[in-house]
Amino acid sequence: MPTMEITTMVGCPLMCTFCPQDLLKKQYGKDSEKYLSLANYKSMLAKIPNHVRIDFSGMAEPWANDDATDMLEHTLERGYRIAIYTTLYGITVPDSERIVALILRHADQVMDLCLHLPDIHMNMRGFKSSEEYRQVLRNFLQLGTTERFPSHRFSVMTMDKSGDIHP
């Protein structure tokens, strides 16, 4: 399936040990806009054929960009199939409820939802645990167990070879 991977920002606050962020930032240069604007996203999406799957992933956490949920909603409303790869960074509890509702409303268009969790060795150096993060995580994990969203399209992972999740 043809796929367009969306990077919603240059750089990433999570500073994962395995990610080549420094090389990516050098390619864009210092004068580049850091965040993809919703207007630019809509303009870009209008040029992509509808049979192309849109992946919210890229080389940065999609929701580090405050417009990511609006981009997701716009994409789903236009009928595109999507995949989401997220650490949940930047997602508030109300935003998580909105995202989950969008996913449930457009479940047939969501091909993959993968949560990238912090591992026991803290390879996601910019991760900060909080009660809000834990509630957002609970909201997404609950989505993964509902019959309204296919379980084979929901996964969780770490990038550590042990697969052990941070407590």
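The values are calculated or read from the model by the stated rules, or taken from the named source; none is laboratory data. Treat the numbers as computed from the prediction; the structure is a model and nothing was measured. In this analysis, Cβ positions are derived from the backbone assuming ideal geometry, glycine residues included, and neighbour counts consider all displayed protein chains. Side chains are part of the model used for accessible areas, which takes the heavy atoms of the whole protein and leaves out ligands, DNA and RNA. Shrake-Rupley method; radii C 1.70, N 1.55, O 1.52, S 1.80 Å.
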- Task: Filter the stretch 115-128 for residues that are in contact with an Asp or Glu (Cβ under 6 Å, 6 or more places away or on another chain) and part of a loop (DSSP other than H, G, I, E, B) and give the result.
- Result: ILE120, HIS121, ASN123
- From the list ILE54, ILE103, ILE91, which one is within 11 Å of the chain's Cα centre (by Cα) and among the hydrophobic types (A, V, I, L, M, F, W, C)? ILE91
- Query: Hey, any hits in the stretch 136-155 for a residue that's open to solvent by less than 20 Å² (accessible area, probe 1.4 Å), over 18 Å from THR8 (Cα atoms) and touching a Cys at 6+ places or on another chain (Cβ under 6 Å)?
  - Reply: no
- Message: Within the stretch 26-69, take every residue that is in a helix (DSSP H, G or I) and charged (D, E, K, R) and give me the one that is modelled with the lowest pLDDT.
- Response: LYS26
- Query: Are any of the residues in the stretch 85-96 under 22 Å from GLU5 (Cβ atoms), assigned to a strand (DSSP E or B) and open to solvent by less than 40 Å² (accessible area, probe 1.4 Å)?
  - Reply: yes
- Message: Considering only the stretch 70-79, I want to know if a residue exists there that is part of a loop (DSSP other than H, G, I, E, B) and open to solvent by 10 Å² or more (accessible area, probe 1.4 Å).
- Response: yes
- Query: Pick from ASP112, ASP108: which is among the charged types (D, E, K, R), at pLDDT 95 or above, in a strand (DSSP E or B) and surrounded by fewer than 18 Cβ atoms within 10 Å (Cβ to Cβ)?
  - Reply: ASP112
- Query: If you scan the stretch 115-135, which residues turn out to be of a type in the set (Gly, Ala, Ser) and open to solvent by 60 Å² or more (accessible area, probe 1.4 Å)?
  - Reply: SER129
- Count - residues of the stretch 130-167 that are closer than 15 Å to THR86 by Cα and in a loop (DSSP other than H, G, I, E, B): 2
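Each row is one residue, and each column tells you yes or no for (1) touching a strand residue (DSSP E or B) at 6+ places or on another chain (Cβ under 9 Å); (2) closer than 29 Å to TYR41 by Cα.
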residue: GLY79; (1), (2): no, yes
residue: ILE82; (1), (2): yes, yes
residue: VAL110; (1), (2): yes, yes
residue: CYS114; (1), (2): yes, yes
residue: LYS128; (1), (2): no, yes
residue: ARG134; (1), (2): no, no
residue: THR146; (1), (2): no, no
residue: ASP160; (1), (2): yes, no
- Give me the pairs, please: first residue somewhere in the stretch 135-162 and touching a residue at least 12 places away in the same chain (Cβ under 8 Å), second residue anywhere and polar (S, T, N, Q) and assigned to a helix (DSSP H, G or I), beta-carbon distance under 8 Å, and either six or more positions apart or on two chains. GLN135/SER96; VAL136/SER96; ASN139/SER96; PHE140/SER96; GLY144/SER151
- Message: Pull out all pairs, ordered by first then second residue, where Cβ-Cβ is under 7 Å, the residues are six or more apart or on different chains, the first lies in the stretch 104-115 and is closer than 10 Å to PHE149 by Cα, and the second is open to solvent by less than 30 Å² (accessible area, probe 1.4 Å) and not aliphatic (A, V, I, L, M).
- Response: LEU104/PHE149; ALA107/PHE149
